[in-house]
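Trainee: I have a structure I would like to understand better, so I am pasting it below and will then ask my questions one at a time.
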Amino acid sequence: MPLRSLKCEKCGKPFETYAARGRFCSRSCFLKRQLAGSIWKNESNGYWYIQFGRKNKRLLHRYLTNAKPGQVVHHIDGNKENNSLSNLQILKGGQSEHIKMHNPVLARWAKRRAAASS
């Protein structure tokens, strides 16, 4: 395989490599690029993810709101692709409140049940 001249994707420094897919001039540039975070969409569930390093990935809407484990983040307009902070809301009532927001039949049932018990 012939020696190829390339430009590092992280620092822009020219380098030469025999590798077929060389993209970085050094391991250091490779790791810095990985830690910068990459964002992609999971086509099976429609949510966007952000990845730091090799194994640390999070849902983008949870990362943007700093949601703690157990907290539910709601997309106000119902669009999973709209991750603007004005469209994200952390629900205090947890998953049960979230289900009621998306299922009006359950919301009416919960109101009737609460009224009957008081």
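Trainee: Out of residues 5 or more away from Gly22 or on other chains, whose amide H comes under 5 Å of its own, with H placed 1.01 Å from N in the peptide plane?
Mentor: Long-range HN contacts for Gly22: none found.
Trainee: Exposed loop trypsin sites (Lys or Arg not before Pro) only (DSSP loop, at most 16 other Cβ atoms within 10 Å): please give the longest stretch of the chain free of them, not including the sites.
Mentor: Excluding the exposed sites themselves, the longest stretch runs over 24-53.
Trainee: What Kirkwood Rh does segment 42-95 have if only Cα atoms enter the pairwise 1/r average? Answer in Å.
Mentor: 11.8 Å
Trainee: How much space per residue, in cubic angstrom, does the convex hull of the C-alpha atoms of the chain take up?
Mentor: That works out to 142 Å³ per residue.
Trainee: If you average the sequence gap of Cα pairs under 8 Å that are 6 or more apart and divide by the length of the chain, what percent do you get for the contact order?
Mentor: In percent, rounded to a whole number, it is 12.
Trainee: Another question, if that's okay. I need Trp40, Trp48 ordered by Cβ neighbour count within 10 Å, fewest first.
Mentor: Trp40, Trp48
Trainee: So for Glu81, Glu43, fewest C-beta neighbours within 10 Å to most, what's the order?
Mentor: If I rank by nearby Cβ atoms, fewest first, I get Glu43, Glu81.
Readers should treat all values here as calculations from the given coordinates under stated rules, not as data from a laboratory. Every value quoted in this text rests on a predicted model; they were computed, and no experiment measured them. No Cβ is skipped: glycine too gets one built from the backbone with ideal geometry, and neighbour counts run over all protein chains shown.
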